[in-house]
Each structure stands twice: as C-alpha cells, then as structure tokens.
C-alpha cells in the first residue's frame, strides 16, 4: 500500500486565505485622471466666479442676455461654491472615497449645466469646462471602483 500523506502536499493557510481587495488595474489611472480633472474644474470655476464677482464688464453679454436672468454676483458665487466643492471632491476621489465618487458625478453634472446656462457670457471657457466635466463623469462612472479604498 502506498502512503497517502506523502503523495499530497499539506494544505497551507494561504490556500484558505480570503482574497484581499481586487488589484488595481491599468484603468485606475482613469480615476486619478477624474480626480485631477475635478480639481482642474474647481480651479476654472473659482477663476470664473472671481471674474464674475470683481469684473462685471469682462463677459460678452449682460446678465439679461443669459439663460438665467440673475446678476453676475449670483453667477460668481455659484461658480465659486461649485469650484470649492469640486476641489474637495477631487481630493476625496484621489483618496478612493466612495462618497466622493457619487458627489463627483453630481458636481460634474451641475457644473456642466451651470456652464451651459452661462455659455453666452464666456463661450470658449464654458465649453472647455463642460468638456472636462464630461471626461470626469466618464472616468468616475466607468472606472470608479478601481480606487475603492479597502475596508479596515
């Protein structure tokens, strides 16, 4: 008779260990890209907000020529608040925070809609921000779980 214990290797604890968090793939760069894009959108929004607050003659049309007829002070504060929230969300996204992924999509959508309403005042600038928002939304939605922080 043969000895069964010698024909099979002894099981190790590694054979029964739980899998850790899934390894990040090359797509994780898209999430980093989304975080950086949200920080870039934040800086654009803050600049646009500060210009609206301090230099009302800069934009192409008066407040009555925009889709939403409010003063440039309101537009300035709107852009400024969106910019601050987008910057904080971008930092949270770089940290792998799940809440930052949800808020990032919402903020990027709000930013795109606000800039669509503001496009008559600054067409090129608003178009650039909308394009960056679309790329950020794509990266967060499609590849967002790549940077999910491990549960501890």
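The values are calculated or read from the model by the stated rules, or taken from the named source; none is laboratory data. Values in this document were obtained by computation on a predicted structure and should not be read as measured data. Because the Cβ atoms are built from the backbone with ideal geometry, glycine has one as well, and the counts that use them run over all protein chains shown.
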Practice prompt. Look through 114, 81 and report the one residue that is modelled with pLDDT of 85 or more, on the phi < 0 side of the Ramachandran plot and buried (at least 19 other Cβ atoms within 10 Å of the Cβ).
Written response: 114
Worksheet, complete the sentence: Considering the stretch 117-144, residues that are farther than 30 Å from residue 72 by Cβ and surrounded by 15 or more Cβ atoms within 10 Å (Cβ to Cβ), and then whichever is modelled with the highest pLDDT, we arrive at 138
Item to complete: Considering (1) over 13 Å from residue 39 (Cβ atoms); (2) surrounded by 14 or more Cβ atoms within 10 Å (Cβ to Cβ), say which one residue 91 fails and leave the rest.
Response: (1)
Worksheet item: What's the number of the condition residue 125 fails, among (1) farther than 14 Å from residue 48 by Cβ; (2) in a helix (DSSP H, G or I)?
Response: (1)
Fill in: Any chance residue 25 is surrounded by fewer than 11 Cβ atoms within 10 Å (Cβ to Cβ), modelled with pLDDT under 90 and in contact with a helix residue (DSSP H, G or I) (Cβ under 8 Å, 6 or more places away or on another chain)
yes
